[in-house]
Amino acid sequence: MDERKRELLAGAGIDVQDAMERFMQRDDLLERFMKKFLENAAFEDLKQAAAEGDCEKMLAASHSLKGMCANLSMTELTALFTGQVARLRSGDFSGAKEMMDEIRKAYGLVEEAIRGCWQ
C-alpha cells in the first residue's frame, strides 16, 4: 500500500498496520472488504432506526457495524459503536441517539478515505 493511501486511511481513524496484518499484507483484499463495507446497508438501517425511534433495530444495526468496524481496524468507529451498543443495551436510547452526530461525522471520514483510496 502506498503512503498516500496509508495517510488517508489513518486520518480517518483506521489502524492501517493492523488492517494490513489482518488481510495478510494484501492491498487488493483490504480494498475489496473496504468497498463491501460501504455497500453494506447497516449504516442506513441505523440512521433510519434512530429517526424512527426503533431501539431494537438500532441495536441490531449498531452491533453489526461495531463488528464490521473492528474487523476492518476502524478504531474510532469501533469505539463509537461500542459505546452506542452499551447505551442501547442499558436502555439509554436518547444517549445512543445523541451519539449519531459524532458517528455520522466519523463514518463520513471513513467513507471519504475509502473512496479516496480506491474509487
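In table form, for the structure just shown:
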quantity: Additional length obtainable on full extension of the chain from K36 to K105, 0.36 nm per residue less Cα span; calculated: 22.9 nm
quantity: Local electrostatic count at E44 - Lys and Arg +1, Asp and Glu -1, tallied over other residues with Cβ under 15 Å; calculated: -1
quantity: Protection proxy ranking, peptides 20-27, 55-62, average beta carbon neighbours within 10 Å, highest first; calculated: 55-62, 20-27
quantity: Charge context of A12, other residues only, Cβ under 12 angstrom, K/R +1, D/E -1; calculated: -1
quantity: Cα→Cβ-extended label distance, 7 Å offset, between Q48 and N71, nm; calculated: 2.1 nm
quantity: 19 Å Cα-Cα reach of K35 towards lysines, excluding residues that sit fewer than 8 places from it in its own chain; calculated: K5, K66, K105
quantity: Relative intensity, log₁₀ I(q)/I(0), of the chain from a Debye sum that treats every alpha carbon as a point, q = 0.14, 0.18, 0.21 Å⁻¹; calculated: -0.55, -0.85, -1.09
quantity: Residue-span extension gain [K57 to E3] - 0.36 nm each, minus C-alpha spacing; calculated: 15.6 nm
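Computed from the coordinates by the stated procedures, all read-outs in this text should not be read as laboratory data. No experiment lies behind these values; they were computed from the predicted model shown. Note that we place each Cβ from the backbone using ideal geometry, even for glycine, and neighbour counts take in every protein chain shown.
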